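Working notes, structure below.
Each value in this text was obtained by applying a stated rule to the coordinates, not by laboratory testing. What you are looking at is a predicted structure, and each value in this text was computed from that prediction instead of being measured. Neighbour counts are summed over all protein chains in view; Cβ atoms, including those assigned to glycine, are modelled from backbone coordinates with ideal geometry.
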Amino acid sequence: MKRILSYLLAIMLLLPGFINYKVLKGGSIDVANRQINLQAQTDGGIEIVARRPYIRRGEIGLLAIKATHGSNCRIIASYKINGRDYSSVRNLVAGKDGNLLCTWKVDEKTDTGTYNIEITCGASRLVTTYSVQ
């Protein structure tokens, strides 16, 4: 039951980002940025299962990954507030099925822009991005 609730939560959190993606698809989305993200997702040790690529200030960010079961993962998200660089570090352990869910709240004062998320699980490393609108 916990697993089903986790997936439902992930779907509910991803839906607004997906809608934003569809609305902005023809406009201001950086095509090169999307290509880099797709290439990053093909890393053998870490796979991005779901993420919210576009997050508004005050909303919840979401990143679901699949790694080797029981591996220690470090997730470092960068962001800016009033032009100053900050980073948030989360240390999580992948479950028996290798799935890992990371959520965070984007501060109301976070500057708009695109930021990196660095994921390290064991010897595998992956970098992806998210955009604050």
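What does the extension gain come out to for N91 and N72, with contour length at 0.36 nm per residue minus their alpha carbon separation?
Additional length available on full extension: 6.1 nm.
Go through region 53-133 and name the GluC sites (Glu not before Pro) that are in a DSSP coil and have 11 or fewer other Cβ atoms within 10 Å of their Cβ.
Counting only loop positions with at most 11 other Cβ atoms within 10 Å, the GluC sites (Glu not before Pro) in region 53-133 are E108.
Cut-off is 10 Å between beta-carbons; in what order do V89, V127, V106 appear when sorted fewest neighbours first?
Ordered by Cβ neighbours within 10 Å, fewest first: V89, V127, V106.
Which part of region 102-121 falls in the paramagnetic zone of A50, meaning amide N under 14 Å from the point 7 Å along Cα-to-beta-carbon?
Within reach of a label on A50: 102-104.
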